[in-house]
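Peer 1: Submitted below is the structure of interest, expressed as structure tokens.
The values are calculated or read from the model by the stated rules, or taken from the named source; none is laboratory data. This structure is a prediction, so every number in the text was calculated from the model and none was measured. In this analysis, Cβ positions are derived from the backbone assuming ideal geometry, glycine residues included, and neighbour counts consider all displayed protein chains. Accessible surface is based on the protein model in full, side chains and every heavy atom, while ligands, DNA and RNA are left aside. Shrake-Rupley method; radii C 1.70, N 1.55, O 1.52, S 1.80 Å.
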Amino acid sequence: MSSHLGENLRLLCSHYRSIAEVCRKVGINRAQFNKYLSGESQPTAYNLKRIGDFFGVEGYELGLPGEQFARLIGARGTQIGAPAQQDPLHALLQPLRDSSGDLSRYCGYYFEYANCMSVPGTILLSLVHMREEGGNFMFERQERQVLSTGGLADDSARCRYLGAAFQLQDRLFLIDYESLTVNEMSQTILIPSFKSRITRLNGLKTGVSSGDRRTPACTRVVWEFLGTEINRISTYRQVMLYQPDDPRIDEDIRQRLAHAPVREGLFEVE
């Protein structure tokens, strides 16, 4: 078996929710399967047939050069990953994937500024990382709902959101869920930048407060581009709650978050 096996297996696995799901369905130990992916080990003839039968490919095809293999499974259409296609949620989101624009220029790290839904009267600064995975655009948002006191904040109220991003027409749509508790979702709509250099993006975010009443709420939101590479430790130390008059929140951010026009009952952002 050639050195292309790992690359081709990763491509096939991208059609499923996770590698763990593939291992579970194929019946191969995850640690052993990881060795196939990394090229540390080659499957026996028996395991190679099991893998090929699961994905609907021949054993020898798994050893083809990556580009040739990608063309091969592309020509077979929905045969690859058919079990995942049967998931109604997967089918529901497919038109969004097909219609979404290229978000490559938006990949990187951002500070997200928003009026905190759980602690009214404060500004929540979060860290967002948008990236591309297998042609899909994913993002992760880190929050700490701890008020800044000038020193280091603890992690007692840490949240981690995972989501997907789509560009439809001239708007960026982002949906996510809180991955640590899996008890809430939020949606963000951003107005894209039409400048050659991305600095700040305006938008709206809807969600619920983390209080006992879990009140649905909506706030203006600002994304500030930090770059494609950052010092994660020093950057994450800034992730917390701030008072609106904190000097670390500049006037432009305060004005963007405070400006909330309501027209005929609609909360809009420009």
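Peer 1: Keeping every protein chain in place, order 17, 160, 105 by accessible area at 1.4 Å, biggest value first, i.e. largest first.
Peer 2: Heavy-atom accessible area, descending, gives 17, 105, 160.
Peer 1: By average Cβ neighbour count within 10 Å, what is the ranking of 45-55, 215-225 from highest down?
Peer 2: Ranking the peptides 45-55, 215-225 by packing returns 215-225, 45-55.
Peer 1: Just read off the accessible area of residue 117 with the full protein assembly in place, 1.4 Å probe, to the nearest 10 Å².
Peer 2: 40 Å²
Peer 1: Going by accessible area, probe 1.4 Å, with all protein chains left in place, what is the ranking of 213, 256, 144, largest first?
Peer 2: 213, 256, 144
Peer 1: To continue, here is another question. Accessible area of residue 259, 1.4 Å probe, to the nearest 10 Å²?
Peer 2: Near enough 100 Å² of accessible area.
Peer 1: Any chance you could look up the accessible area of residue 268 with a 1.4 Å probe, heavy atoms only, rounded to 10 Å²?
Peer 2: We get 60 Å² for residue 268.
Peer 1: Separate question: With all protein chains present and a 1.4 Å probe, how do 210, 126 order by accessible area, largest first?
Peer 2: Per-residue accessible area, sorted high to low, gives 210, 126.
Peer 1: Also: Cross-link partners among lysines for residue 49, C-alpha distance below 29 Å, same-chain residues fewer than 8 apart left out?
Peer 2: 25, 35
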